[in-house]
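Visitor: One structure, pasted below without further comment.
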Amino acid sequence: MSWKKNDSGDAGASPPDTHDRPQRPAASADMDGEQMRDHMEETERRATEAERLANQQRALVAALDRNGHDAAEARRLLRILEERVALEEADRDRMRRDLAALRRREG
């Protein structure tokens, strides 16, 4: 996903579309350790990317405010991204707990 700034200086980015995103498999007893670790890596990557995008949007809001532009739409997008960050972090935390439980069972 890329963030763009159009000629008028307004945020031209679209919010992340979570409706078309494939369902994430829930970690379960059916997953082996390697599958869970792979899933954990993907979960970590998504959480990191969500935070990166939210930080980028925060900077855009600040720049728009600083330069006297209307930042209402950019703030709306920021709220969406912050919600995504919270969801990704919750998913990551759940996966960490599941992986720790697997390690206890294996070890």
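The values are calculated or read from the model by the stated rules, or taken from the named source; none is laboratory data. What you are looking at is a predicted structure, and each value in this text was computed from that prediction instead of being measured. With ideal geometry, Cβ positions are generated from the backbone for all residues, glycine too; neighbour counts draw on all protein chains shown.
Visitor: Gly9: modelled with pLDDT of 85 or more, outside any helix (DSSP H, G or I) and either out of contact with any Pro (no Cβ under 7 Å at 6 or more places or on another chain) or under 16 Å from Arg94 (Cβ atoms) (or both), yes or no? If you could, list the steps in order and put the result at the bottom.
Guide: Values: modelled with pLDDT of 85 or more: no; outside any helix (DSSP H, G or I): yes; either out of contact with any Pro (no Cβ under 7 Å at 6 or more places or on another chain) or under 16 Å from Arg94 (Cβ atoms) (or both): yes.
Here the answer is no, as Gly9 does not meet what is asked.
Visitor: Would you pick out the residues in segment 32-63 that are assigned to a helix (DSSP H, G or I) and of a type in the set (Asp, Glu)? Step through it out loud before you land on a result.
Guide: To start, the set of residues in segment 32-63 that are assigned to a helix (DSSP H, G or I) comprises 33-63.
Within segment 32-63, Glu34, Asp38, Glu41, Glu42, Glu44, Glu49, Glu51 meet the criteria.
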